[in-house]
Amino acid sequence: QVQLVESGGGLVQPGGSLRLSCAPSGSIGRFYDMGWYRQAPGKQRELVAAITGGGSTNYADSVKGRFTISRDNAKNTVYLQMNSLKPEDTAVYYCNLRIATMSNWGQGTQVTVSS
């Protein structure tokens, strides 16, 4: 079992930027899919961005052009750069690591976009 350590959440003004990071606590292979999900109050969890073991990326339509997911292969750490943040981006963001049929989830980090 792999533990995911998330960081970078916080409060930011509309139009601002924030960078989330997700680091596996243990040693794992480099060919795994990872992603960021978010869940707002009263809403179900949704995929925000994903990156495959091969480096392909995918984004929700609502964040295309504003968010960028990337990975540091040496550290096996995934990042989510969030620019031009909007109040509707406010949610708890969860990191996910998929190993075969098993999904590993971080504890979540709160992102609040407000004036």
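For this structure, a couple of remarks:
- Highest-fluctuation residue, 87, 41, 24 considered, GNM on the chain with Cα pairs under 10 Å: 41
- Counting protein heavy atoms only, region 8-115 has 47 percent of its accessible area on carbon and sulfur, 1.4 angstrom probe.
- Orientation-averaged projected area, Cα convex hull of the chain (nm²): 6.8
- Rounded to the nearest 20 debye, the dipole magnitude of the chain is 100 debye, with +1 charges on Lys and Arg beta carbons, -1 on Asp and Glu beta carbons, and the Cα centre as origin.
- Extension reserve of the residue 39-residue 99 stretch, reckoned as 0.36 nm per residue once the Cα distance is removed: 19.4 nm
- Normalised by residue count, region 1-51 yields a Cα convex hull volume of 120 Å³ per residue.
- Under a Gaussian network description of the chain, with springs only between Cα atoms under 10 Å, the residue in 42, 53, 16 that fluctuates furthest is 42.
- Longest stretch of the chain clear of exposed loop sites (trypsin sites (Lys or Arg not before Pro), DSSP loop, at most 11 other Cβ atoms within 10 Å, sites excluded): 76-115.
The values are calculated or read from the model by the stated rules, or taken from the named source; none is laboratory data. Because the structure is predicted, anything quoted here is derived from the model rather than measured. In this analysis, Cβ positions are derived from the backbone assuming ideal geometry, glycine residues included, and neighbour counts consider all displayed protein chains. The area values use the complete protein model at the heavy-atom level, side chains included, leaving out ligands, DNA and RNA. Shrake-Rupley method; radii C 1.70, N 1.55, O 1.52, S 1.80 Å.
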